[in-house]
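Take a look at the structure below.
The values are calculated or read from the model by the stated rules, or taken from the named source; none is laboratory data. Keep in mind it's a predicted model, so treat the numbers as computed, not measured. Every residue, glycine as well, gets a Cβ built from its backbone with ideal geometry; the counts of neighbours run over all protein chains shown. Accessible surface is based on the protein model in full, side chains and every heavy atom, while ligands, DNA and RNA are left aside. Shrake-Rupley method; radii C 1.70, N 1.55, O 1.52, S 1.80 Å.
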Amino acid sequence: MNANDTKRLAALDHAHVWHPFTPMKQWREQTPLIIERAENEYLIDTEGKRYIDGVSSLWCNVHGHRVPEIDDAVRQQLDKVAHTTLLGLASPPSIELAAMLADRAPGKLTKTFYSDAGATALEVAFKVAVGYWYHRQKPEKHRFIGLAGAYHGDTTGAMSIGYSELFHRPFLSMVFPTTWFPNPDPCRPPQAVGNLPPRPDNVWPSEHQPLADALTDYCLGQLDRMLREQAHETAAIVIEPVMQGAAGMVCQPPGFVKGVADLARKYEVLLIADEVATGFGRTGKMFAVEHDLDENFYGPDILCLAKGISAGYLPLAATMVTDEIDEAFTGELADRRTLYHGHTYTGNPLACAAAVASLKRFDDTNLIEHINQSAEIIADRLAPLRDPEACPHVLDIRQRGIMVGIELCEDRNSARPFDFAARRGYEFCAAVREKGVIIRPLGDVVILMPIPAMSHASLEHMLDTVVETFLAWRPAPASI
Ligand SMILES: *Cc1c(COP(=O)(O)O)cnc(C)c1O
């Protein structure tokens with residue numbers, strides 16, 4: 001594409017496209033980067049410049065871009081049919097995929113309800129949880145307990161159970177009431193966790209064991225207290241297990257998910273695991289809940305999947321449930337147990353074909369093992385950021401598998417945050433982009449979300465670029 005074409009598209013973008021999660025005034029003051037093509041871990045703009053895709057195209061790409069096996073699977077499906085409905089008809093790719101998911105999912109999750117986005121997978125889960133208790137003659141169990149800082153998507157139910165001050169404040173009039181138990185956020189521990197032994201300079205808050213233990217006790221204690229009062233009206237607890245993504249990569253100490261699951265069982269409420277971000281290998285296991293499974297914890301009652309499910313090719317989501325839940329929705333027609341819910345493109349064959357090919361590739365390339373090696377490389381290469389003299393603006397690094405959040409601050413000793421309007425996270429990521437690596441912050445948390453199949457050479461280059469940028473980064477001090 002020549003420079004004039006790029007200019008024309010940029011002008012049309014500014015005139016007509018409203019970008020998601022984007023301050024549009026500031027967007028229109030800059031020339032947009034227009035990605036035209038991609039190749040493995042590289043995104044290529046209209047002028048032919050190449051960038052490492054350090055956000056997995058918003059956390060969904062798995063095996064790289066234009067993977068021949070997945071491209072072929074989609075093309076072959078295209079030669080048969082692009083879309084047929086699952087309302088009253090079945091299709092080969094949706095059947096194959098549901099069977100493969102049931103094989104791989106933890107515990108007794110055998111049934112898959114398809115939709116098209118993470119948010120819709122969660123909406124299905126919420127309705128299934130409320131419907132389950134309704135059909136079990138307990139219609140009063142219709143409320144939810146969420147985890148503080150949760151993000152489950154941007155539809156109304158998902159906004160109700162998630163909460164982000166920045167994202168949701170204008171829309172509080174639309175949402176239904178939910179209660180939240182505290183999350184084990186090591187950078188903002190509640191006063192109630194008390195005095196802890198001091199933390200050495202080169203240990204991150206999230207790695208400080210006494211803090212992790214105190215936070216786990218405190219958060220699970222609060223959940224226990226809430227359930228004691230509210231279990232009779234609660235349908236389900238909803239969590240992003242192991243790592244809360246949009247909260248800024250807030251990770252949970254080992255055993256935390258099992259602790260939540262134990263309480264869910266004790267008080268007879270369902271557990272919904274939102275693995276839209278953590279699913280498909282990102283934490284070093286196929287599904288994050290697997291980190292905490294044991295003889296008493298088989299898995300969640302409902303599992304929500306999206307993002308990586310189709311390897312980042314096409315919009316697809318799945319809500320998986322146990323046979324026990326399925327039974328609550330089946331019966332004689334006169335019982336009126338049917339779940340009347342669905343979307344036009346539910347179980348789209350092209351998307352399911354991509355997902356089937358992706359799951360095959362997990363096995364063929366031993367991807368989970370590659371991811372675990374990548375996780376070690378990440379921990380190793382980011383070590384220079386531990387030096388407080390060299391990196392005075394790094395407050396914490398939180399990592400699970402290949403999901404990483406680097407929290408920035410104005411002052412590392414007092415943990416004083418940057419002024420929100422200074423957009424320091426954005427400024428830092430812009431400096432990294434200049435060097436050919438695309439990453440995206442969540443506020444002042446810099447997110448690294450490499451493509452799971454990214455070669456170790458590219459991963460190392462991406463990490464070295466980030467570290468080098470940190471070592472040179474001295475943002476102007478706040479004007480007081
Ligand atoms: C991205 C995300 C969602 C929403 O998914 P969409 O496909 O954007 O609707 C839900 N939950 C989690 C944990 C996510 O990271």
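Straight-line reach from Lys25: which lysines have a Cα under 21 Å away, not including same-chain ones fewer than 8 places off?
Of all the lysines, those that pass the test against Lys25 - Cα under 21 Å, at least 8 places apart if same chain - are Lys7.
Work out the length of the dipole vector of the chain about its Cα centre, built from +1 on the beta-carbon of each Lys and Arg and -1 on the beta-carbon of each Asp and Glu, and round it to the nearest 20 debye.
Values: 45 positive and 62 negative charges, 197 e Å.
Using Cβ point charges on Lys, Arg, Asp and Glu, the chain gives about 940 debye.
If the chain between His232 and Glu460 were fully stretched, how many nm would it gain, using 0.36 nm times the residue separation less the Cα-Cα distance? Each step should come with its number before you reach the end.
Numbers: separation 228, 0.36 × 228 = 82.08 nm, distance 5.11 nm.
That pair, His232 and Glu460, stretches by 77.0 nm at full extension.
Using the Cα atoms of the chain, I'd like the radius of gyration and the largest Cα-Cα distance, Dmax, both in angstrom.
When restricted to the Cα atoms of the chain, Rg and Dmax are 22.6, 71 Å.
Taking every DSSP beta bridge that has both residues in the chain, what percent is antiparallel when rounded to the nearest 5?
Details: 35 of 51 bridges.
Antiparallel bridges: around 70 percent, rounded to the nearest 5.
Tell me which of Thr156, Asn183, Leu101 sits at the most positive position along the dipole axis of the stretch 71-365, charges placed on C-beta atoms (Lys, Arg +1; Asp, Glu -1).
Selected residue: Thr156.
Between Asp5 and Asp201, take the C-beta separation as r, use R0 = 45 Å, and let me know the FRET efficiency to the nearest 0.05. Could the numbers behind the result be given before it?
Values: r = 52 Å, r/R0 = 1.16.
Calculated transfer efficiency: 0.30.
Once you have the Cα-Cα distance between Arg169 and Arg265, take 0.36 nm times their residue separation minus that, and quote the gain in nm to one decimal.
Values: separation 96, 0.36 × 96 = 34.56 nm, distance 3.28 nm.
Length difference between fully extended and current span is 31.3 nm.
Along the Cα→Cβ direction, 7 angstrom out, place labels at Glu96 and Phe21. What is the inter-label distance in nm?
3.2 nm
Assuming 0.36 nm per residue, please report the length gained on full extension of the stretch Asp364 to Asn296 beyond their Cα-Cα distance. Can you show the working numbers first?
Working: separation 68, 0.36 × 68 = 24.48 nm, distance 3.16 nm.
Gain in length upon complete extension: 21.3 nm.
Leaving out ligands and nucleic acids, and using a 1.4 Å probe, what accessible area per residue does the chain come to in Å²? Each step should come with its number before you reach the end.
Numbers: 22050 Å² over 480 residues.
That works out to 46 Å² for each residue.
What number of lysine-lysine pairs in the stretch 71-365 show an alpha-carbon separation below 20 angstrom, given a sequence spacing of 8 or more or placement on distinct chains?
16
Can you give me the % of accessible surface on the chain that is carbon or sulfur? Probe 1.4 Å, all protein chains present, nothing else counted. The partial results should precede the final answer.
Working: 11850 of 22050 Å².
Exposed carbon and sulfur together represent 54 percent of the surface.
Just add up the charged neighbours of Phe256: K/R +1, D/E -1, any other residue whose Cβ is under 13 Å from the Cβ of Phe256. Provide the component values of the computation, followed by the final result.
Working: positive: Lys258, Arg400; negative: Asp185, Asp213, Asp217, Glu240, Asp262, Asp292.
Charge balance in the 13 Å sphere: -4.
Which of the lysines could a cross-linker span from Lys435 if the Cα-Cα distance has to be under 18 Å and same-chain partners fewer than 8 positions apart are dropped?
Straight-distance partners of Lys435: Lys49.
Mind ordering 391-403, 420-432 by average Cβ neighbours within 10 Å, highest first? Numbers along the way, then the final one.
Details: 391-403: 21.7, 420-432: 17.3.
Answer by packing, highest mean first, reads 391-403, 420-432.
Quick one: how many Å² of Trp180 are accessible to a 1.4 Å probe, rounded to 10?
Probe radius 1.4 Å; accessible area of Trp180 about 90 Å².
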